[in-house]
Each structure stands twice: as C-alpha cells, then as structure tokens.
Amino acid sequence: MAQKETIFDGILHGKMKDVEEATKNALASGIPAGELLNEAMIPAMAEVGRLFEANEYYVPEMLIAARAMKAGLALIRPQLVAEKIEPLGKVALGTVKGDLHDIGKNLVAIMVEGAGFEVIDLGVDVSPDKFVDAVKNKGAQVVGLSALLTTTMPSMKGTVDALKEAGVREQVKVVIGGAPVTQKYADEIGADGYSRDAAGAATLVKKLMGV
Ligand code: B1M
C-alpha cells in the first residue's frame with residue numbers, strides 16, 4: 001500500500017509534511033488508524049533505532065524522525081481514542097527521571113485513554129516526587145512509568161520506593177514498560193505489572209482496576 005510506504009519512508013527520513021499528507025490520505029481512504037500505527041509508524045521507528053545502533057543515524061536524524069512520527073500520531077489519535085463519557089479511573093503516566101523519550105509513553109496514553117480512563121500526563125523526565133504528588137494530590141489510582149534507557153530504569157525502582165516512603169504504595173497500582181524493561185525487572189522492583197506494548201498496557205490497567 002503506497003500510503004503506508006510513504007509514511008514509513010517519511011518517518012525514516014524525517015519528512016514531516018509527507019507523513020502528514022500520506023496519513024490524511026490513508027485515513028480518508030479508509031485504512032484503520034491501528035493499521036497505520038502497527039504497519040508503518042512503529043516499524044519505521046524500529047528501523048530508525050537499528051540505523052542508530054549501526055552508527056548510520058545520529059541524534060539529529062532520530063530527532064527529525066521522532067518529529068515526523070509525532071505529526072502522524074497526532075492525526076491518528078482521534079480514531080484511536082474511543083469516546084467515553086465517565087472515566088473508569090485516573091492514571092498518571094510519565095517517562096521517568098533523566099529520560100526524554102516520549103513517543104511510547106504518548107501511545108500508552110492514547111490507548112489507556114481509549115480504554116476509558118482519565119490520563120494525567122506528567123510528561124518526560126518525571127521525578128519520583130512528581131509521581132507521588134499525582135497519587136497524593138491528584139487522585140491517581142494507577143501510575144504508569146515508561147523508560148527507554150537502561151540508565152534510567154533505576155528511577156522506576158526509585159519511584160516505587162518513593163511511593164512506599166510516602167505511605168501511598170498500597171493505594172496505587174504501578175505499571176511499567178519501555179523497550180529495555182522486562183517482567184523480571186517489574187517483579188524485582190515490586191511493580192504490579194509490566195506490558196511490552198501500549199495496547200497491553202491498557203488491558204493491564206483495566207485488569208488491575210478490576211474493570
Ligand atoms: Co534515543 N535511544 N536516545 N532518542 N531512541 C533509543 C531508546 C536506543 C535504544 C537507540 C539505540 O541505541 N538503538 C538507545 C538506548 C540504549 C539503551 O539504553 N539500551 C537510545 C539512546 C542511547 C539515546 C541517547 C542517549 C542518545 C545520545 O544522546 N547519545 C539520548 C538520550 C536522551 C534522554 O532521554 N536523556 C537519546 C535521544 C533520543 C531522541 C531525543 C533523539 C529521540 C526521542 C524523541 C522523543 O521521544 N520525543 C530518540 C529516539 C527517537 C529513539 C529511538 C530511535 C526510537 C524510540 C521510539 O520512539 N520508539 C530508540 C530506538 C528504538 O527504540 N528502537 C532510541 C517507538 C515507540 C513507539 O516505541 O518507546 O519502545 P517505545 O514504546 C513501546 C513499548 O516500549 C511500550 O509501548 C510502546 C508501543 O507499543 N512502552 C510501554 C513504552 N512505555 C511504556 C509504558 C508502559 C507500557 C508499555 O506502561 C506504563
């Protein structure tokens with residue numbers, strides 16, 4: 001399908017306008033948003049990662065690819081989010097301290113929102129204290145932590161520990177994810193759950209909330 005190829009190539013080469021145009025055309029021709037995400041956008045970012053690892057791409061190429069990906073995501077977002085009137089609960093999401101990667105976290109936000117929850121998006125580089133604040137003062141019943149760097153994973157444990165120290169660990173569920181994260185790591189740090197992808201994160205949140 002030509003549009004999916006254009007989206008894939010557009011993200012790979014950071015051509016934001018091409019991605020926007022092809023995404024609009026694809027949606028208009030009836031291609032489901034999920035198909036564009038799973039068959040063009042996510043594979044393109046995986047290829048960007050491969051090229052970075054092979055020293056063929058550097059940070060500037062990753063940045064423009066991410067910008068193009070975000071432009072495409074913004075267009076498919078309305079279709080990915082189903083309309084829900086009463087939120088099923090409150091979920092605070094953030095990329096942990098020291099980590100600036102937000103594409104995966106944003107996808108998790110879309111899917112969790114789509115599953116009917118209110119999402120408090122704390123952004124990137126989120127300190128353990130901010131997650132604690134979301135539980136204590138904003139009523140978050142679930143906190144979702146994303147990490148893309150092996151060097152920032154310890155901040156997930158730091159967040160679980162901070163929730164314990166603040167005396168709120170028992171009133172909140174902790175869900176973690178991100179490319180280097182595993183179920184084993186989730187068990188080690190005492191998180192309530194791990195998901196390898198955004199759709200799985202939404203299912204997990206529903207399960208933990210008893211929905
Ligand atoms: Co960075 N980067 N990056 N980067 N980057 C990676 C992560 C890397 C694997 C590339 C590589 O070497 N192959 C590598 C990490 C190596 C490691 O630690 N193991 C890396 C590096 C080294 C770095 C820098 C250190 C580079 C440098 O400066 N020398 C630097 C760090 C900056 C920082 O954070 N402090 C850096 C910077 C950047 C950019 C800013 C340029 C840009 C990010 C832009 C942005 O996000 N706004 C960037 C990008 C784009 C990437 C890659 C290419 C793509 C990440 C991405 O968006 N993937 C990435 C390579 C790769 O992942 N293959 C790479 C698409 C996204 C949909 O997938 O985020 O995995 P992902 O999310 C998935 C799942 O993981 C899961 O669901 C999502 C989809 O279903 N998931 C969750 C994510 N969070 C979840 C939470 C959950 C549940 C599931 O529950 C709460």
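The values are calculated or read from the model by the stated rules, or taken from the named source; none is laboratory data. Because the structure is a prediction, the values reported are computed rather than measured. Positions of Cβ are backbone-derived with ideal geometry, glycine not excepted, and every protein chain shown enters the neighbour counts. For the accessible areas, the whole protein counts, side chains as well, though only heavy atoms, and no ligand, DNA or RNA atoms are used. Shrake-Rupley method; radii C 1.70, N 1.55, O 1.52, S 1.80 Å.
Using DSSP to define loop residues, name the chymotrypsin sites (Phe, Trp or Tyr not before Pro) in segment 23-113 whose beta-carbon has at most 13 other beta-carbon atoms within 10 Å. Mind dumping the intermediate values first?
Working: sites: PHE52, TYR57, TYR58; in loops: TYR57, TYR58.
Answer in residue order: TYR58.
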- Task: Could you provide, to the nearest whole Å², the per residue accessible area of the chain with probe 1.4 Å?
- Result: 50 Å²
- So what is the relative contact order for the chain, in percent, with contacts set as C-alpha pairs under 8 Å and at least six apart? 17 percent
- Relative to the chain, whose Cα atoms define the longest principal axis, helix 154-165 and its Cα axis are tilted in degrees, nearest 10, by 30 degrees
- What are the residues whose amide H is under 5 Å from the amide H of TYR194, where those residues sit 5 or more places off or on another chain and H is modelled from the backbone? ILE176
- Query: For segment 90-208, rounded, prolate or oblate, judged on the Cα gyration tensor with a ≥ b ≥ c (square roots of eigenvalues), a/c < 1.5 rounded, else prolate if a/b > b/c?
  - Reply: rounded
- Item | Using alpha-carbon coordinates, inclination of helix 128-138 to the longest axis of the chain, degrees | 80 degrees
- Note on the structure: One quarter of the C-alpha convex hull surface, i.e. the mean projected area of segment 3-82 in nm², amounts to 4.6 nm²
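Can you give me the % of accessible surface on segment 90-208 that is carbon or sulfur? Probe 1.4 Å, all protein chains present, nothing else counted. Before the final figure, lay out the partial values.
Details: 2650 of 5140 Å².
Accessible surface attributable to carbon and sulfur in segment 90-208 totals 51 percent.
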- Note on the structure: In degrees rounded to 10, the 0-90 angle between helix 16-28 Cα long axis and the longest Cα principal axis of the chain is 90 degrees
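Quick one: of LYS105/LYS184; LYS164/LYS184; LYS24/LYS206; LYS15/LYS206; LYS4/LYS173, which pairs are farther than 29 Å apart, Cα to Cα?
On the way: LYS105/LYS184 20 Å; LYS164/LYS184 20 Å; LYS24/LYS206 31 Å; LYS15/LYS206 37 Å; LYS4/LYS173 37 Å.
From the list (LYS105/LYS184; LYS164/LYS184; LYS24/LYS206; LYS15/LYS206; LYS4/LYS173), the Cα-Cα distance tops 29 Å for LYS24/LYS206; LYS15/LYS206; LYS4/LYS173.
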- Given GluC sites (Glu not before Pro), DSSP loops and at most 15 other Cβ atoms within 10 Å, the longest exposed-site-free stretch of the chain is 84-211
- Item | Residue-by-residue Karplus 3J(HN,Hα) for segment 59-73, coefficients 6.51, -1.76, 1.60, Hz, glycine and proline x | 3, x, 5, 4, 5, 6, 5, 5, 5, 5, 4, 4, 5, x, 4
